[in-house]
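The values are calculated or read from the model by the stated rules, or taken from the named source; none is laboratory data. This one's a predicted model, so the numbers in the text were calculated from it and none came from an experiment. Cβ atoms come from the backbone with ideal geometry, glycine included; neighbour counts cover every protein chain shown. With ligands, DNA and RNA removed, areas are computed over all heavy atoms of the protein, side chains included. Shrake-Rupley method; radii C 1.70, N 1.55, O 1.52, S 1.80 Å.
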Amino acid sequence: MPKLIQYRTLASLYNGPFGDGSPWPAAGMGYVFVTENRHLIVVDGGHGADAEPFLDLLTEVAGETPVVDLWMVTHPHGDHYGALREIATREDLRGRVSVKQLWWYFPPEFRDGKGKAPCEEANRLLREVCTALGAVEHTPRIGETAVVDGLRLDMLFVPADCSDIRNPNSLSLIFTVKSRDKTVLIT
C-alpha cells in the first residue's frame, strides 16, 4: 500500500519571539509519497538546514541511496526548495540520493508587492540543482499527468497568468496524487 509522509522541518520547531519584529523562519514543508515498490515522489523539502534530516527520512523509507522519481517544488520560497538546493551544492549530500526529474513553475515575469522578481533567482538556482544532480528539468502544465509506480499525479493549477498576483505563495502549484483508492490534494 502506498504511503504519505509529512516531514516536519527544523524551522517548524521554532520557539521564540513572535510579533516583536524579530525574524521568524517560515515553517517550511516536505511530503514524501512512497509507492508499494519504494519509488518516491517528493514535494518540497524544507530549508537548507533540513537537507540532512530529509535525506535521512528518504533513506529510512526507500533504502540506501534513495531514488526520487519526481521531485516537485511548489513555489519560489527558500523554505520549500532550500533543502534540495543544499543537497545539490554539497558533495557529501549529493551522493546520498538520486533525483530523476525536478518539476517547478516559477513565472519569470512575476513581481512581488515590492517590485522584486524572486522567480528569476529561484529558476536559476533550480536549474543549477538539476545540473548538479543530473535531474531532468520540467515545467508542468495544467492537465498534465505523471505516473510513478501506480501513483498518478495530475496538475490542476500552474500560475500561467500572474499579472494580479503579488505574493509568491499564490504561485503555488496545485495537484493531486492518486492511488487506487485514495486521492491527496496538494495546494
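Overview of values
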read-out	value
When residues of segment 112-139 are limited to those that are in contact (Cβ under 8 Å) with a residue 40 or more places away in the chain and in a loop (DSSP other than H, G, I, E, B), the one surrounded by the most Cβ atoms within 10 Å (Cβ to Cβ)	135
Tally of residues being of a type in the set (S, T, N, Q) and at pLDDT 90 or above across segment 142-166	1
Per-region count, segment 128-144, residues under 16 Å from the mean Cα position of the chain (by Cα) and either among the β-branched types (Val, Ile, Thr) or within 16 Å of residue 174 (Cα to Cα) (or both)	5
Flag if residue 109 is of a type in the set (Asp, Glu), open to solvent by 50 Å² or more (accessible area, probe 1.4 Å) and not in a helix (DSSP H, G or I)	yes
Segment 155-173, residues that are surrounded by 15 or more Cβ atoms within 10 Å (Cβ to Cβ) and either outside any loop (DSSP other than H, G, I, E, B) or free of Cβ contacts under 8 Å to residues at least 12 places away in the same chain (or both)	155, 168, 171
Exclusive hit being outside any helix (DSSP H, G or I) and more than 27 Å from residue 167 (Cα to Cα), set 68, 61	68
Verdict on residue 8 being among the basic types (Lys, Arg), modelled with pLDDT under 95 and over 26 Å from residue 176 (Cα atoms)	no
Where a residue in segment 88-100 is crowded, with 17+ Cβ neighbours inside 10 Å and assigned to a helix (DSSP H, G or I) and its partner, wherever it lies, is among the basic types (Lys, Arg) and at pLDDT 95 or above, with Cβ under 8 Å and at least six apart	88/94
Matching residues in segment 32-52 - criterion: being within 14 Å of residue 79 (Cβ to Cβ), of a type outside the set (A, V, I, L, M) and open to solvent by 10 Å² or more (accessible area, probe 1.4 Å)	47, 48
Any hit, segment 104-121, residues being among the hydrophobic types (A, V, I, L, M, F, W, C), modelled with pLDDT under 95 and farther than 19 Å from residue 28 by Cα	yes
Flag if residue 81 is under 19 Å from residue 29 (Cβ atoms), among the hydroxyl-bearing types (Ser, Thr, Tyr) and part of a loop (DSSP other than H, G, I, E, B)	no
Condition check for residue 139: at pLDDT 95 or above and either farther than 30 Å from residue 94 by Cβ or of a type in the set (Val, Ile, Thr) (or both)	yes
Where residue 84 falls short, out of the listed (1) open to solvent by less than 20 Å² (accessible area, probe 1.4 Å); (2) of a type outside the set (Phe, Trp, Tyr); (3) modelled with pLDDT under 95	(3)
